[in-house]
1. What's the long-distance tail for the chain, i.e. % of Cα pairs beyond 41 Å?
2. How far is helix 372-390 tilted off the main Cα axis of the chain, in degrees rounded to 10, range 0 to 90?
3. Grab the eigenvalues of the alpha-carbon gyration tensor for the range 220-272, scale each by 5, take roots, and send me the semi-axes largest first in whole angstrom.
4. Just add up the charged neighbours of PRO75: K/R +1, D/E -1, any other residue whose Cβ is under 14 Å from the Cβ of PRO75.
5. Roughly how many nanometres apart are two label points built 7 Å out from the Cα toward the Cβ at LYS338 and SER163?
6. Spelling out what I want: for every residue of the range 156-165, take phi, set θ = phi - 60°, compute 6.51 cos²θ - 1.76 cosθ + 1.60 (Karplus), and round to whole Hz; glycine and proline get x.
7. Quick one: divide the alpha-carbon radius of gyration of the range 150-328 by 2.2 N^0.38 Å and tell me what you get.
8. Which whole-Hz couplings ³J(HN,Hα) result when phi for each residue of the range 60-68 is put into the Karplus expression 6.51 cos²θ - 1.76 cosθ + 1.60, θ = phi - 60°, listed in order with x for Gly and Pro?
Amino acid sequence: MGSSKLHQNDANCVWVDGPIIVGAGPSGLATSACLTQQGVPSLILEKSDCLASLWQLRTYDRLKLHLPKQFCELPLLGFPHNFPKYPTQHQFISYLESYAGHFSIQPRFNQAVQSADYDHILGFWRVKTQDSEYISRWLITATGENAEPVIPDIPGINKFNGSVVHTSSYKSGSEFKNQRVLVIGCGNSGMEVSLDLCRYNAIPHMVVRNTVHVLPREMFGFSTFGIAMALIKWFPLWLVDKFLLLVANFILGNTDQVGLRRPKTGPIELKNVTGKTPVLDVGALSQIKSGEIKVFQVMEGVKEITGNGAKFMDGREKEIDSIILATGYKSNVPTWLKGCDFFNKDGMPKTPFPNGWKAEKGLYTVGFTRRGLLGTASDAVKIARDIARQWRPNDSCSNSHVILLKET
């Protein structure tokens, strides 16, 4: 049931009975599973050769889920009971593979979507890959918020003599033993990479340009995120944020004193408004306090990279051996979805959560809520129900329709 019935002619033009889903990450898998439950087939197109390519190919070895597993489950099938509270990267991948197997989801791999256009005359979506054109009444964008690495344009970086890697290519600090490493970015990735570097006697210098909320991963033995979700059901957002910051300051101390200035907006409100996630500390802060991780608080940022170091806007200079870009990811939807004004220039839905999952003309989005896997699960359930209401299995298109579409 996970795969849709296909009708294909000799011109590599394929009619898909159910929705076309772009992306075989957690968002695409969850939506396909929910559609299967509703009796609706689907087809996932995936540009890489595996499920969840971000998790399989672009994560570092020590990565664990930042939130407890109950907040990271996909719909209809939970994690195995023997998984720890915070599953590792490899455990999460095995869960996704089991999930796909359970719902008989079989993506078409190595299908990089080059364009997706809505045919206004015929009322279908036409999705082109490098070797085929797929056609359906429905298109679901499941490529998510983290499809492509963000690579900042820093003057002189091409002249640098050492290695420059984005965290998407970082695997382990073993490659940077005893090196002075400039880590640009202080989000969860920047913090965890810096911590990992310390374990291999590297000296991370973390560039902190903006304000950042650092919270303990747990408070009094309970997940900080879980506490926040429970409190927000009963108390106003500002009061929950105030409580979280009060406890965070009690557990972690004043982070301003170590160069990590807090935003004026509270952590949950900031997440809801901007999508900026607070850092959940797993040990980096203690290394900052002890001086093992050096914090470079530079409000204006890096001015220039030289052959053996960096110059900052405030006039400081620092010799370094390697650079790690912990600068995050971005959506890639604008590069392939054509003629659609539902997304903004950053590839995010213009309609805010919780209503950004549905556009017009059979277009849906999943995994763009800025609310992690909980948001993904919510979107997937809504999309499946909505398409199920429209689904009429006897409406399958014949090969003659496909040929007509190809010649139009």
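The values are calculated or read from the model by the stated rules, or taken from the named source; none is laboratory data. As the structure is a prediction and not an experimental result, all values here were calculated from the model. Don't worry about glycine lacking a Cβ; one is built from the backbone with ideal geometry, like all the others, and counts go over all protein chains shown. When the accessible area is computed, the model is the full protein with side chains, heavy atoms only, and any ligands, DNA or RNA have been set aside. Shrake-Rupley method; radii C 1.70, N 1.55, O 1.52, S 1.80 Å.
1. 21
2. 10
3. 20, 14, 8
4. 0
5. 4.0
6. Once rounded to whole Hz, the list reads x, 5, 6, 8, 5, 7, x, 8, 10, 10.
7. Rounded to two decimals, the normalised Rg is 1.08.
8. 7, 4, 8, 4, 10, 4, 6, 10, x
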